[in-house]
Amino acid sequence: YRCAIRQHLGKLVAGDRVIWQTDIEKNTGVVISALPRTHELSRPGFRGQTRMIAANIDFIGIVMPVLPGIHPDMIDRYLVAANQLGIPAIIIINKVDLLSSEEDWEAIACLLEPYTEFGIELLPASTLSKTGLDDLRAFMDGKNSVFVGPSGAGKSSLINALIPDLHIRVGTLSEATGLGKHTTTNSILYHLPPLNGSELFGGNLIDSPGIRQFSPTPCSLNELESYYPDFSTYLGGCKYKNCTHSIEPNCAIKNAVEEGGIAVSRYQSFQRLLTEFKNESEH
Ligand code: GDP
Ligand code: ZN
């Protein structure tokens with residue numbers, strides 16, 4: 001049913017639970033109230049406003065394509081958000097059919113080793129070779145999941161593969177830039193068909209627009225540190241108690257980066273977020 005929304009309800013987002021009434025004759029409906037949200041994924045928007053991405057979610061699938069490439073910085077941003085919400089995330093390595101050798105996969109596994117070391121699962125997937133689709137479907141059963149990642153990552157293709165008869169539009173990669181076209185600007189929720197023999201509720205899957213640069217909600221230094229489990233063994237070893245691990249001498253985190261205990265990309269994303277949060281608070 002195409003529904004109007006009572007004005008006082010403000011903006012609703014994919015995943016919101018609402019109470020609505022139908023007008024059967026007109027085949028339309030009206031949303032009359034919205035239930036309180038748990039776990040809302042949002043990002044800072046223009047002029048300090050918040051842009052909602054999804055509500056009431058309990059699982060984040062970070063979709064990263066083998067081609068054009070995997071961006072650890074983007075993974076880290078979504079992992080911080082997942083941590084802030086206290087919900088699990090996995091990294092879906094998509095389009096693995098494009099890998100030509102075992103070594104190609106090894107290179108990716110190596111790049112993403114920091115994540116597997118602190119317990120984030122990597123799931124190789126491809127709609128072309130039908131890799132990982134059953135595992136992914138089983139993972140999402142009965143959950144409210146959201147797929148995030150750059151546009152062109154293959155999210156629409158995955159959704160089409162997971163939900164037969166849906167046929168949502170698949171954006172074609174621009175030949176010139178290798179970047180995906182922006183096909184959606186709002187998140188859209190799809191119902192997953194129940195697995196054979198399972199309960200009636202198969203779960204929901206929310207597709208989010210490809211956000212060029214997602215930012216988690218600004219937080220304190222200590223809070224951000226707590227979202228970097230790979231830093232934990234070194235924290236407390238710095239000379240200064242409130243060390244920001246940037247310009248301070250005798251910094252245990254920087255030493256760990258030099259000695260290979262912490263991945264450079266993880267250190268860099270941490271510093272970028274810290275700077276962003278600081279700039280945000282000065283506005
Ligand atoms: P979205 O922007 O994340 O929704 O990505 P799309 O699903 O629109 O896919 C972007 C491009 O990647 C399209 O040209 C797809 O044909 C291609 N693509 C999607 N999935 C796969 C895959 O598993 N393997 C390969 N080789 N290409 C894929
Ligand atoms: Zn330090």
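For the reader, a short list of remarks on this structure follows.
- Within the option set ALA14, ALA55, ALA4, ALA34, being farther than 30 Å from GLN268 by Cβ, touching a helix residue (DSSP H, G or I) at 6+ places or on another chain (Cβ under 8 Å) and at pLDDT 90 or above holds for one residue only, ALA34.
- Residues that are open to solvent by less than 60 Å² (accessible area, probe 1.4 Å) and touching a Lys or Arg at 6+ places or on another chain (Cβ under 8 Å) number at least 2 in the following strands (runs of 3 or more DSSP E) confined to the stretch 2-62: 28-34, 41-44, 50-54.
- Close pairs (6 angstrom Cβ cut-off, 6 or more residues apart or separate chains): of a type in the set (Val, Ile, Thr) in the stretch 196-222, open to solvent by less than 20 Å² (accessible area, probe 1.4 Å) and at pLDDT below 80 anywhere: none
Every residue, every condition in (1) in contact with a helix residue (DSSP H, G or I) (Cβ under 6 Å, 6 or more places away or on another chain); (2) aromatic (Phe, Trp, Tyr); (3) on the phi > 0 side of the Ramachandran plot, yes or no:
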{"position": "THR116", "(1), (2), (3)": "no, no, no"}
{"position": "THR131", "(1), (2), (3)": "yes, no, no"}
{"position": "LEU136", "(1), (2), (3)": "no, no, no"}
{"position": "MET140", "(1), (2), (3)": "no, no, no"}
{"position": "GLY152", "(1), (2), (3)": "no, no, yes"}
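- Test: residue in the stretch 109-117 that is in a strand (DSSP E or B) and of a type in the set (S, T, N, Q): no
- Of the residues screened, ALA138 is not one that is surrounded by fewer than 16 Cβ atoms within 10 Å (Cβ to Cβ) and under 23 Å from VAL264 (Cα atoms).
The values are calculated or read from the model by the stated rules, or taken from the named source; none is laboratory data. For clarity, every value in this text was computed on a predicted model and none was experimentally measured. So basically every Cβ, Gly included, is an ideal-geometry build from the backbone, and we count neighbours across all protein chains shown. The accessibility values were calculated without ligands, DNA or RNA, using every heavy atom of the protein model including side chains. Shrake-Rupley method; radii C 1.70, N 1.55, O 1.52, S 1.80 Å.
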